[in-house]
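The values are calculated or read from the model by the stated rules, or taken from the named source; none is laboratory data. None of the values given here were measured: they were computed from a predicted structure. Here the Cβ positions follow ideal geometry from the backbone for every residue, glycine too, while neighbour counts run over all protein chains shown. Areas reflect the complete protein model, heavy atoms only, side chains present, ligands, DNA and RNA absent. Shrake-Rupley method; radii C 1.70, N 1.55, O 1.52, S 1.80 Å.
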Amino acid sequence: MPSTARVYDAILGGRDNFKADREAAGVFARHLPQIGECVRENRHALVRGVRYLVGEAGIDQILDIGCGLPSAPNTHEAAQEIDPGARVVYVDNDPMVLSHGRALLAVDNSTTVVTADARDPEGVLGHPGVRSFLDLERPVAVMIVGMVMQISDHEHPEEIIAALMEPLAPGSHLFLTGWPDTGEPAQRRLSKASMETLGNGWIRPVERLREHFVGLEMVPPGLEYIARWFPGEPDGPVPAVEELEPYQRTQMAGIAKKA
Ligand SMILES: C[S@@+](CC[C@H](N)C(=O)[O-])C[C@H]1O[C@@H](n2cnc3c(N)ncnc32)[C@H](O)[C@@H]1O
């Protein structure tokens, strides 16, 4: 059976995947030929977000939930390039991520990886690996990047996120990417490929995506298509929405701060 983490790895050209995962990656490519660009754009946004969180927001503790298999540059590498003392806890509900993460992090004392499920927010925040590694009395950045589309509406992603953010200190941040539904056919094709192969991959109206940030202050430019999303100061020209290719309208990103 394909798994999300391994299919994502296969699309990125990684080696931690099996035949079923590569076949699933092929289904994605048939529905959306630019799936590789989509995933690479998501990884670039991940790095931009981490650089903003550590470099501009001054965060030195990150909880990266739904981290996936290692793929350079990883969150801890992007964070520690700016602040070598930054601490990162990777969380994924796929145990394979734990074994690969451990191998990667064997020599890193500032980073750890745990197996937990975001749908159990208390279990995540109460996990001994999280408790012993992060000081929850100080601001933490919670990353839910490329993952919320795997949580269905009836599991109430906005409640899960609120429960994750609620116990955290003021100054904590949420960094999230999601799949919008604005009627663009490329969005439908991406969701269809994901549903067919993995049984999840929900697209949502932009207003629903905004609900994931309820109670938090959006950092400019707010929730935006990834190709237009540069938190803080843009480091290049920002394309107009009309200039985006259809595949570039399949993912949005946002960072928000807890007052
Ligand atoms: C598409 S990958 C994204 C990887 C990385 N965050 C990125 O954006 O490049 C999604 C990951 O989320 C994990 N995941 C899915 N549902 C989850 C849940 N309920 N709790 C924790 N992890 C989950 C999957 O196992 C997978 O590794």
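Sub-7 Å Cβ pairs linking a first residue in the stretch 88-101 that is more than 9 Å from the ligand (Cβ to nearest atom) to a second residue that is outside any helix (DSSP H, G or I) and basic (Lys, Arg), at least 6 apart or interchain, number zero. Of all the numbered requirements in (1) out of contact with any Asp or Glu (no Cβ under 7 Å at 6 or more places or on another chain); (2) of a type outside the set (Lys, Arg); (3) loosely packed, with under 14 Cβ neighbours inside 10 Å; (4) in contact (Cβ under 8 Å) with a residue 24 or more places away in the chain, ALA259 misses one, and that requirement is (1). Among the residues of the stretch 202-214, are any among the acidic types (Asp, Glu), surrounded by fewer than 19 Cβ atoms within 10 Å (Cβ to Cβ) and within 16 Å of the ligand (Cβ to nearest atom)? No, the stretch 202-214 contains no residue that is among the acidic types (Asp, Glu), surrounded by fewer than 19 Cβ atoms within 10 Å (Cβ to Cβ) and within 16 Å of the ligand (Cβ to nearest atom). Checked against (1) closer than 18 Å to VAL145 by Cα; (2) within 16 Å of the ligand (Cβ to nearest atom), GLY199 meets all criteria but (1). Scanning the stretch 14-35 for residues that are open to solvent by 50 Å² or more (accessible area, probe 1.4 Å), modelled with pLDDT of 95 or more and either touching a Leu at 6+ places or on another chain (Cβ under 6 Å) or within 19 Å of LEU104 (Cβ to Cβ) (or both) yields a count of 0. For the stretch 226-259, which residues satisfy the criterion of being of a type in the set (D, E, K, R) and farther than 14 Å from LEU53 by Cα? Hits for the stretch 226-259 are ARG228, ASP235, GLU242, GLU243, GLU245, ARG249. Applying the criterion of at least 1 residues that are within 25 Å of ARG40 (Cα to Cα) and modelled with pLDDT under 95 to the helices (runs of 4 or more DSSP H) found wholly in the stretch 83-150 leaves 95-105.
Does THR177 satisfy the criteria of being β-branched (Val, Ile, Thr) and either open to solvent by 50 Å² or more (accessible area, probe 1.4 Å) or in a helix (DSSP H, G or I) (or both)?
Numbers: β-branched (Val, Ile, Thr): yes; either open to solvent by 50 Å² or more (accessible area, probe 1.4 Å) or in a helix (DSSP H, G or I) (or both): no.
So THR177 does not fit the description; no.
Scanning the stretch 232-247 for residues that are modelled with pLDDT under 95 and open to solvent by less than 40 Å² (accessible area, probe 1.4 Å) yields GLY232, GLY236. The set of residues in the stretch 60-77 that are of a type in the set (Gly, Ala, Ser) and over 14 Å from the mean Cα position of the chain (by Cα) contains only ALA72. Taking the conditions (1) in contact with an Asp or Glu (Cβ under 7 Å, 6 or more places away or on another chain); (2) within 19 Å of THR112 (Cβ to Cβ); (3) of a type outside the set (Phe, Trp, Tyr) in turn, ASN17 satisfies each one other than (2).
Within the stretch 232-251, can one find any residue that is within 24 Å of MET165 (Cβ to Cβ), assigned to a helix (DSSP H, G or I) and without any contact (Cβ under 8 Å) to a residue 60 or more places away in the chain? No - not one qualifying residue is present in the stretch 232-251. Could you list, in sequence order, the residues of the stretch 121-162 that are more than 10 Å from the ligand (Cβ to nearest atom) and charged (D, E, K, R)? Result: GLU122, ARG131, ASP135, GLU137, ARG138, ASP153, GLU158, GLU159. Find the residue count for the stretch 135-153, including only residues that are small (Gly, Ala, Ser) and open to solvent by 10 Å² or more (accessible area, probe 1.4 Å). Residues in the stretch 135-153 being small (Gly, Ala, Ser) and open to solvent by 10 Å² or more (accessible area, probe 1.4 Å): 1 in total.
For the stretch 154-174, a residue qualifies if it is out of contact with any Asp or Glu (no Cβ under 7 Å at 6 or more places or on another chain), touching a residue at least 12 places away in the same chain (Cβ under 8 Å), surrounded by fewer than 15 Cβ atoms within 10 Å (Cβ to Cβ) and part of a loop (DSSP other than H, G, I, E, B), and the qualifying residues are PRO167, PRO170.
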